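Just so it is clear, none of the values below were taken in a lab; they were calculated from the coordinates. Keep in mind it's a predicted model, so treat the numbers as computed, not measured. FYI the Cβ positions are ideal-geometry reconstructions off the backbone, even for glycines, and counts take in every protein chain you see.
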Amino acid sequence: MSRGPFGEEGGTLTSLHSLICRVGERTCALPIEHVREVMRPPGIERVASAPAYLLGLAVIRGENVPVLDAGWLLEGKAGAVTRLVVLRVAERRVALAVASVVGTRALEPAELEGLPPLLAGARELVRALAVLDGGLLQVLESARLIELAEPSRAGAALP
């Protein structure tokens, strides 16, 4: 059964189980269904002429996995990196470099809001907004992050 952008399953709203991460000053959530593992960063090999948000490739479980810098993607500058969050959507994988991993949380449908019209440009990477501990929580779009790491997209600028 497929889920909609806010956890709809078969027409019924369900909780969005998320991994909560810190990226610079931001708190972000990734749908737990796409998270495969969290790890310390292994060696990352830079790729010549790659976009700034692509840190390079890391060998994870015997496979070359693109590593994206969440700081570049969300804040336009390199971020502190202490953890990689390995995401998988269908058969595609990517590692997202984040400052820290805070924990997990189920976000109820009533907690999730769509992006306001002024943030229309952010819809490429941000799926929804919520409030966590009195601060803004950005729910990231896993599939879009994986698209950015594809060879055909990596040479293109971030929209």
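Relative contact order of the stretch 8-154, please, whole-number percent, based on alpha carbon pairs below 8 angstrom and at least 6 residues apart. The partial results should precede the final answer.
Values: 304 pairs, mean separation 39.0, N = 147.
It comes to 27 percent, rounded to a whole number.
For residue 17, enumerate residues with amide H under 5 Å from its amide H, sequence gap 5+ or separate chain, H modeled in the peptide plane.
32, 107
In nm, to one decimal, how far is the modelled label at residue 143 from the one at residue 39, with both set 7 Å along Cα→Cβ?
2.6
Looking at the stretch 73-135, which GluC sites (Glu not before Pro) are DSSP coil and have at most 11 other C-beta atoms within 10 Å of their C-beta?
91
Under a plain spin-label model, where a point goes 7 Å from the Cα along Cα-to-Cβ, how far apart in nm are residue 124 and residue 32?
Here the answer is 3.1 nm between the modelled labels.
Could you give the dipole magnitude of the stretch 8-154 about its Cα centre, charging the beta-carbon of Lys and Arg +1 and that of Asp and Glu -1, in debye to the nearest 20? Intermediate values should be presented prior to the final figure.
Working: 16 positive and 18 negative charges, 103 e Å.
Its charge dipole is roughly 500 debye.
Using a cut-off of under 17 Å, list every residue of the stretch 80-100 whose amide N is near the label point 7 Å from the Cα of residue 47 along the Cα-to-beta-carbon line.
From the stretch 80-100, the list is 85-89, 91-97.
Please arrange 139, 47 by counting, for each residue, the other beta carbons lying within 10 Å of its beta carbon, fewest first.
Fewest to most other Cβ atoms nearby, the residues stand as 47, 139.
If you rank 49, 18, 100 by fewest surrounding Cβ atoms within 10 Å, what's the result?
Ascending Cβ contact count within 10 Å gives the list 49, 100, 18.
Modelling each spin label as a point 7 Å along the Cα-to-Cβ direction, I'd like the residue 136/residue 64 distance in nm, to one decimal.
3.7
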